[in-house]
Structures are given as C-alpha cells and as structure tokens.
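Working notes, beginning with the structure itself.
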Amino acid sequence: MKKQILFIVLFVIIFSGLMAFIGSKQTVQLSSPRSTLTVVLDAGHGGIDVGAVGRSGTLESDLNLVYCKKLKKIMEEYGMNVIMTREDENGLYSEYKNGFKMEDMRKRREIVQNANPDVVISIHMNKFAVSSSRGAQVFYDDENGSGKELAEVMQKVFIENLPYARKEAKSADLYMLKCVSSPSILIECGYLSNAEEEKLLTEEDYINKLCYLIVASVLSVIQK
Ligand SMILES: [Zn+2]
C-alpha cells in the first residue's frame with residue numbers, strides 16, 4: 001500500500017513536471033500545502049577546478065551549475081527554500097594556491113551548516129577510463145541513514161525513468177556528505193567520458209527530466 005501511494009505521488013509530480021516542459025503552459029504546483037523545505041544545492045568544482053572534461057569538451061563544473069540552476073528553479077516552484085554553494089563559474093577559494101581545494105570545500109561546508117538544511121544535494125558528472133560506462137548514480141554516506149533512504153529511492157526512480165542508470169545507489173566516503181546530519185546525497189548525473197551520454201547530459205529535455213526526477217524523489221522521501 002505504501003509503495004502504491006509512493007508510486008501515485010511520484011506519478012503525479014513527475015507527470016505535472018513533464019507536462020510543464022513538453023510545451024504546456026500550466027504552472028507546476030503541488031496540490032497539498034507543505035512546510036517549507038530548505039535545500040542546499042552544491043554545484044561541484046568551479047574556477048580552475050573544472051572537474052571532468054567531456055570527450056567533446058564539456059566542462060563538468062559548468063554543467064553542474066546548469067543542473068543546480070534548473071533544480072533551484074523547479075524547487076522554488078514547489079515552494080522550497082533553496083541555497084546554492086556557488087551561483088557562478090568561480091570556485092569558493094580566495095586565490096589559486098596550495099590547499100585551494102580544501103579552502104573551497106570548507107567554505108561549502110560552512111554554507112551548508114549555516115543553512116540548517118533539510119536536504120543537501122551535491123551535483124557532479126562522472127568519468128571513467130572505460131568509455132562505455134554510463135548512467136546516473138546516487139551516493140550516500142553510510143552513517144547518514146536518511147541520506148541512504150533518499151539515495152535508494154532516487155536511484156530506483158532513475159532506473160525506472162531514464163534510458164540508462166547505474167544498478168544501485170552506492171555508499172561513499174565524501175566530504176560533502178558529512179557536513180550536517182540531515183539527509184545528504186551526491187548525484188553523479190552521468191558520464192562525460194561516454195560521448196553519447198555527454199551529448200544527452202547537455203540537452204534541455206534531458207536536463208529537465210533528470211531534475212524533475214530528483215525533485216520528485218526528494219518530495220516523496222523528505223517530510224517535514
Ligand atoms: Zn565531480
């Protein structure tokens with residue numbers, strides 16, 4: 001029964017989202033009011049640290065920001081309060097010198113902690129030496145139970161709704177998943193090292209779809 005309800009909720013949210021971006025002018029809104037959820041969106045990398053570079057030159061740091069801006073837009077339509085760790089192409093360090101990456105990560109943690117968020121979502125793009133590897137994957141910290149639950153639901157939603165997704169959510173020892181005790185996940189949206197997926201990841205329709213699936217998963221798991 002719980003599963004059926006979850007399915008219906010997801011369907012309604014995803015369908016109304018899909019309708020909004022396939023041309024309908026209707027506004028995306030949830031039918032029932034809910035308390036404001038505060039979400040921190042963390043666009044990975046920035047500045048000199050561009051992250052992964054796609055086979056045709058797509059920079060992970062740029063694409064992470066594109067996804068975060070789209071997520072922010074959708075989340076605000078659903079009445080969520082969104083805080084971003086960065087809103088432009090720059091990193092969060094004062095200058096490029098030894099230890100700049102640690103300074104960047106500490107600033108991100110500071111932003112997360114000051115936001116007192118209900119959810120933390122870090123956005124990244126993956127790469128791998130084997131170019132056939134592809135698919136979105138959600139990561140969680142083993143000591144963050146609610147993050148694990150969110151990651152597993154989201155991974156399932158990806159598997160059911162995307163042409164390619166990794167088979168399961170995975171635990172990982174990552175700095176951004178340890179900033180607060182609230183559910184924290186890191187999403188590797190896909191592989192820039194796979195030429196076909198690199199192209200897909202930059203397409204407006206795919207960006208919209210993936211972002212709606214992320215928001216739908218968050219709303220189905222995080223209650224306030
Ligand atoms: Zn990354």
Would you check if D141 is under 16 Å from the mean Cα position of the chain (by Cα) and either crowded, with 18+ Cβ neighbours inside 10 Å or within 16 Å of the ligand (Cβ to nearest atom) (or both)? yes
Unique match (being modelled with pLDDT of 95 or more and surrounded by fewer than 18 Cβ atoms within 10 Å (Cβ to Cβ)) among I159, I207, I214, I185: I159
State the number of residues belonging to the range 55-76 that are modelled with pLDDT of 95 or more, of a type outside the set (F, W, Y) and either within 14 Å of the ligand (Cβ to nearest atom) or open to solvent by 60 Å² or more (accessible area, probe 1.4 Å) (or both). 13
For the range 167-191, name all the residues that are in a strand (DSSP E or B), within 14 Å of the ligand (Cβ to nearest atom) and of a type outside the set (V, I, T). L186, E188, C189, G190, Y191
Quick one: what pairs do we get from the range 70-87, first residue on the phi > 0 side of the Ramachandran plot, second open to solvent by 20 Å² or more (accessible area, probe 1.4 Å) and of a type in the set (K, R), C-beta under 8 Å, 6+ apart or different chains? G79/R34
Here's a check for you: in the range 39-51, which residue that is assigned to a loop (DSSP other than H, G, I, E, B) and touching a Phe, Trp or Tyr at 6+ places or on another chain (Cβ under 8 Å) is farthest from G79 (Cα to Cα)? I48
Total residues in the range 91-128, condition among the β-branched types (V, I, T), in a helix (DSSP H, G or I) and open to solvent by less than 40 Å² (accessible area, probe 1.4 Å): 1
Return yes or no: is S220 part of a loop (DSSP other than H, G, I, E, B) and surrounded by fewer than 23 Cβ atoms within 10 Å (Cβ to Cβ)? no
Condition check: part of a loop (DSSP other than H, G, I, E, B) and either at pLDDT below 95 or surrounded by fewer than 22 Cβ atoms within 10 Å (Cβ to Cβ) (or both). Does S146 satisfy that? no
Determine if the range 123-130 includes at least one residue that is under 19 Å from L177 (Cα atoms), more than 18 Å from the chain's Cα centre (by Cα), within 16 Å of the ligand (Cβ to nearest atom) and in contact (Cβ under 8 Å) with a residue 40 or more places away in the chain. no
With the checklist (1) over 21 Å from L200 (Cα atoms); (2) more than 16 Å from the ligand (Cβ to nearest atom) in hand, flag the one item V120 doesn't pass. (2)
Verdict on I185 being under 12 Å from I121 (Cα atoms) and under 13 Å from the mean Cα position of the chain (by Cα): yes
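The values are calculated or read from the model by the stated rules, or taken from the named source; none is laboratory data. Note that the structure is predicted; figures quoted are calculated from it, not measured. Here the Cβ is made from the backbone with ideal geometry for all residues, glycine too, and neighbour counts use every protein chain on show. In case anyone asks, the SASA skips ligands and DNA or RNA and just uses the protein heavy atoms, side chains included. Shrake-Rupley method; radii C 1.70, N 1.55, O 1.52, S 1.80 Å.
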